[in-house]
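J.: Would you mind keeping the following structure in view while I ask a few things?
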Number of protein chains: 2
Amino acid sequence: MSDLLNLLKERRSVRNYEEKAIPESVLNELLEAVQWSPSWANTQCWEVVVVEDPAIKEELSQTLAKGNPAKKNFVQAPVVFVLGAKLKSSGYYKDQVTTKFGDWFLFDMGICTQSLCLTAQAHGLGTVIVGLFDQDAAKRVVGLPDGYEVATMIPTGYPSKVPSAPKRREIAEFVHKNRFSGAL
Amino acid sequence: MSDLLNLLKERRSVRNYEEKAIPESVLNELLEAVQWSPSWANTQCWEVVVVEDPAIKEELSQTLAKGNPAKKNFVQAPVVFVLGAKLKSSGYYKDQVTTKFGDWFLFDMGICTQSLCLTAQAHGLGTVIVGLFDQDAAKRVVGLPDGYEVATMIPTGYPSKVPSAPKRREIAEFVHKNRFSGAL
């Protein structure tokens, strides 16, 4: 089994972090991981806001619903990555939508999110991908202009607690040979 | 620099493959990479059709626009992964949309796509993520039922030609400190 598959299997949603800063060199590798992600026709729609300012992290935590347990992560994590995207880029050709799914920014955000989280894991860092919050409020906090959206926020830090893995669907449940429901 | 970052930097969109089958054990690792991907509240909306039948690969190639150079990849690649998703799962809570972006299946498809492509790269395999095709036609080819969509198709094989890297935005161009356009 490859080292990468180990990384994939060991990655968890980490919500508790040590009080320990992330070295600049490591931070830079995480950003390189985004930079080298594939994207729709190489459009690279991503914008990454690296939030270390405690006041802004606190503001971002307020965009989560009351009672969301992830709120405290934002204050505790040394870094919160806010992943934004330029609209009308991924999935478009000459300003026109090219598929039934319209803007593909969420797809490209998913790709670079996984690049970042796996690279973090390779450095012993824990991440949690937060998608459930008021995206418009977060956009105001970080000052993203019109034509852009905040997709996710990723609190990141050295884990003080690593949860066990949530259950996965068996491969036979989601894999089909040649056609849907084809036997493996 | 981590091995993973090397993998990320060396991954290309590979469109030319050797006539060489992918061993079952490797194929299984690629599927495990999907299995262990994170997803919205662990909803795991993915369905993967592993197409090796030449007639079905040919049919899938017909869902691409005339003149799309990726057409020949479908016939040449030993395996084409068709990545589908269950709708109203990612981004939903009790059948209700939870964010302004509606269904997040494209985000989760992006995550597991990157897991699969990086694991392929770790095994010396080349992939190309195809998003521009008639998704409804591909859905009919592989027989995905209502309530599901085909997102992407990924021809995969041992590269006979590896292209050079397309240009990337500089980190300073897309990274911001604390707020959008904040100096690094």
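J.: I'd like the carbon and sulfur percentage of the solvent accessible area for chain B, probe radius 1.4 Å, heavy atoms only, ligands and nucleic acids excluded.
T.: Summing carbon and sulfur atoms, their accessible area is 51 percent of the total for chain B.
J.: Would you mind computing, in nm to one decimal, how far apart the modelled labels at B:Ala65 and A:Arg179 are, each placed 7 Å from Cα along Cα→Cβ?
T.: Taking the simple label geometry, B:Ala65 and A:Arg179 are separated by 3.0 nm.
J.: May I ask you to derive the relative contact order of chain B, considering only C-alpha pairs under 8 Å and at least 6 residues apart, and to give it as an integer percent?
T.: 32
J.: Same structure, new question: Grab the beta carbon distance between B:Asn6 and A:Arg140, set R0 = 35 Å, and tell me the FRET efficiency rounded to 0.05.
T.: Result of the calculation: an efficiency of 0.35.
J.: Whole Å is fine, so just give me how far the alpha carbon centre of segment A:9-24 lies from that of segment B:101-165.
T.: First find each Cα centre; the distance between them is then 29 Å.
J.: If you don't mind, another one. What's the local net charge at A:Asn16, with K and R +1, D and E -1, over the other residues with C-beta under 10 Å away?
T.: The answer is +2.
J.: Would you work out the charge dipole size for the protein assembly as shown about its Cα centre, treating the Cβ of every Lys and Arg as +1 and the Cβ of every Asp and Glu as -1, and quote it to the nearest 20 debye?
T.: Here the size comes out at about 280 debye.
J.: Rolling a 1.4 Å sphere over the protein heavy atoms, what is the accessible area per residue of segment B:3-174, to the nearest Å²?
T.: Solvent-accessible surface per residue comes out at 39 Å².
J.: Quote the total accessible area buried by chains A and B together, excluding ligands, DNA and RNA, probe 1.4 Å, nearest 100 Å².
T.: 7200
J.: For segment B:31-71, state which trypsin sites (Lys or Arg not before Pro) are in a DSSP loop and have at most 12 other beta carbons lying within 10 Å of their beta carbon.
T.: For trypsin sites (Lys or Arg not before Pro) across segment B:31-71 that sit outside H, G, I, E and B with at most 12 neighbouring Cβ atoms in 10 Å, the list reads B:Lys66.
J.: Turning to a different aspect of this structure: Which of the residues in segment A:94-133 show a loss of at least 50 Å² in accessible area from their chain by itself to the complete set of protein chains, at a probe of 1.4 Å?
T.: SASA drop of 50 Å² or more in segment A:94-133: A:Lys100, A:Phe101, A:Trp104, A:Leu106, A:Phe107, A:Gln114, A:Leu132.
J.: A further question on this structure: Between chains B and A there is a rotation axis; tell me the chain B residue with the nearest beta carbon and how many whole Å away it sits.
T.: That would be B:Gly110, 1, residue then distance in Å.
J.: Which of the GluC sites (Glu not before Pro) found in segment B:19-73 are in a DSSP loop and have at most 14 neighbouring Cβ atoms, other than their own, within 10 Å?
T.: B:Glu19
J.: Among A:Ala138, A:Ile56, A:Gly157, whose Cα sits farthest toward the positive end of the charge dipole of segment A:38-184 (+1 at Cβ of Lys/Arg, -1 at Cβ of Asp/Glu, about the Cα centre)?
T.: A:Gly157
J.: Also, quick follow-up: Taking 40 Å² as the minimum loss, tell me which residues in segment A:134-171 lose that much accessible area going from the chain by itself to the full protein complex (1.4 Å probe).
T.: At a threshold of 40 Å² (probe 1.4 Å), the residues of segment A:134-171 that become less exposed are A:Gln135, A:Arg168, A:Arg169, A:Ile171.
J.: Now for a separate question. Picking from B:Gly147, B:Gly91, B:Gly124, which is most flexible by a Gaussian network model of chain B using Cα springs under 10 Å?
T.: B:Gly147
J.: Against the globular-protein guess of 2.2 N^0.38 Å, express the Cα radius of gyration of chain A as a ratio, rounded to two decimals.
T.: This ratio for chain A stands at 1.11.
J.: Can you bin the protein assembly as shown into rounded, prolate or oblate? Criterion: square roots of the alpha carbon gyration tensor eigenvalues sorted a ≥ b ≥ c, rounded for a/c under 1.5, prolate for a/b above b/c, oblate for the rest.
T.: Prolate, since a/c reaches 1.5 and a/b exceeds b/c.
J.: Using the Cβ atoms and a cut-off under 14 Å, what net charge is assigned to the surroundings of A:Val80, where Lys and Arg are +1 and Asp and Glu are -1?
T.: Overall, the nearby charge balance is +2.
J.: In a GNM of chain B with a 10 Å cut-off on Cα contacts, which of B:Thr152, B:Thr127, B:Thr63 has the highest mean-square fluctuation?
T.: Among B:Thr152, B:Thr127, B:Thr63, the largest GNM mean-square fluctuation belongs to B:Thr63.
The values are calculated or read from the model by the stated rules, or taken from the named source; none is laboratory data. Treat the numbers as computed from the prediction; the structure is a model and nothing was measured. When we count neighbours, we look across all protein chains shown, and the Cβ atoms used for this are built from the backbone with ideal geometry, even at glycine. Surface areas here come from the heavy atoms of the whole protein model, side chains and all, with no ligands, DNA or RNA. Shrake-Rupley method; radii C 1.70, N 1.55, O 1.52, S 1.80 Å.
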